[in-house]
Amino acid sequence: MTKEKELSALEQLKYGFDHFKKEVYEKDIKRFEQLAEEQKPKFLVIACADSRVCPSTIFSFQPGEAFTVRNIAALVPPFCEKKRNSGVGAALEYAIEILKVENIVVVGHSRCGGVRGLMSIPEDSHNCDDFIEDWVKIGWSARERVKDEHGTLPLSDQCSYCEKEAVNLSLDNLKTYPFVKEALEKNSVKLIGSHYDFVDCGITVWEA
């Protein structure tokens, strides 16, 4: 078999698909025939775009089990009436209103570059046009809490605390969306936080 490092990008994609087709699809065709008709995922997973953090791998989700949104640092912005091209908001609305998911899971993780970027922003930084900085500032209040409580610690330790605080902030922000709030009041959905430590292969999970 050709080693992965010797494959071109196109060859790697084709090889990967062939493996999936033979080892996954053809061994469970009935499942995929059912999925072709509809999807009924129990989970909406909001995770970081980090290539080391794959929710389906971590939680052993099968196709059709998890509707997934990925972005820098797994952040959920608060609800905004102006709805400025909110990809996260659209995914939330679709998952709650159309798919009727039963659980929303926010997945933070160790050594998150987005969180480290957030913790490294200068205090006097204003009106930055940088996409990354503008996005991670969604987690500013989580950063400030960590700075207040653990500001004397090394940056790496502060980041570890903020990785979990950012998850809790996203869980709080989820509650600002009217359709999420309504689902919570009806007990038709649960909010779950999690933190994946890929260094030691550990997971912490909690209900909001």
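Structure summary
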item: Carbon + sulfur, % of accessible area of the range 56-208 - ligands and nucleic acids excluded, 1.4 Å; result: 50 percent
item: Table column - 3J(HN,Hα) (Hz), the range 9-17, Karplus curve with 6.51, -1.76, 1.60, x for Gly and Pro; result: 4, 5, 5, 5, 5, 5, 5, x, 5
item: Long-range amide H partners of VAL45 with built H, under 5 Å; result: PHE67, THR68, VAL69, VAL105
item: Cα-based convex hull volume of the chain per residue, rounded to whole Å³; result: 170 Å³
item: Phi to ³J(HN,Hα) by Karplus 6.51 cos²θ - 1.76 cosθ + 1.60 over the range 42-48, Hz, x for Gly, Pro; result: 7, 10, 9, 10, 10, 10, 6
item: Global form of the range 108-208, assessed from the alpha-carbon gyration tensor, a/c cut-off 1.5; result: oblate
item: Inter-probe distance in nm under a simple model that places probes 7 Å from Cα toward Cβ, at SER60 and ILE132; result: 3.5 nm
item: Listed residues PHE79, CYS112, PHE67: farthest to the positive end of the dipole of the range 54-113 (Cβ charges); result: CYS112
item: The range 182-195 - phi-based ³J(HN,Hα) in whole Hz, Karplus 6.51/-1.76/1.60, Gly and Pro as x; result: 5, 5, 5, 5, 8, 6, 9, 8, 10, 9, 10, x, 8, 9
item: GNM result for the chain, Cα springs below 10 Å: residue of LYS83, LYS21, LYS137 fluctuating most strongly; result: LYS21
item: Packing rank of 168-178, 57-67, where each peptide gets the mean count of other beta carbons within 10 Å, highest leading; result: 168-178, 57-67
item: The range 1-109: translational diffusion in µm²/s, Stokes-Einstein, Kirkwood Rh over Cα pairs, 25 °C, 0.890 mPa s; result: 152 µm²/s
item: Accessible area per residue in Å² at 1.4 Å probe, computed on the chain; result: 63 Å²
item: Whichever lysines have a C-alpha closer than 18 Å to that of LYS83, once near sequence neighbours (fewer than 8 apart) are set aside; result: LYS137, LYS175, LYS181
item: Cα gyration tensor category, rounded, prolate or oblate, for the range 155-208 with a/c compared to 1.5; result: oblate
item: Label zone at GLU38 (point 7 Å along Cα-to-Cβ), backbone N below 20 Å, the range 171-200; result: 188-189
item: Rounded if a/c under 1.5, otherwise prolate or oblate - the range 63-109, Cα gyration tensor axes; result: oblate
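The values are calculated or read from the model by the stated rules, or taken from the named source; none is laboratory data. Predicted model only: the values in this text are computed from it and were never measured. Please note: Cβ atoms are built from the backbone with ideal geometry, for glycine as well, and neighbour counts cover all protein chains shown. Please note that ligands, DNA and RNA were not included when accessible areas were found on the heavy atoms of the full protein model with its side chains. Shrake-Rupley method; radii C 1.70, N 1.55, O 1.52, S 1.80 Å.
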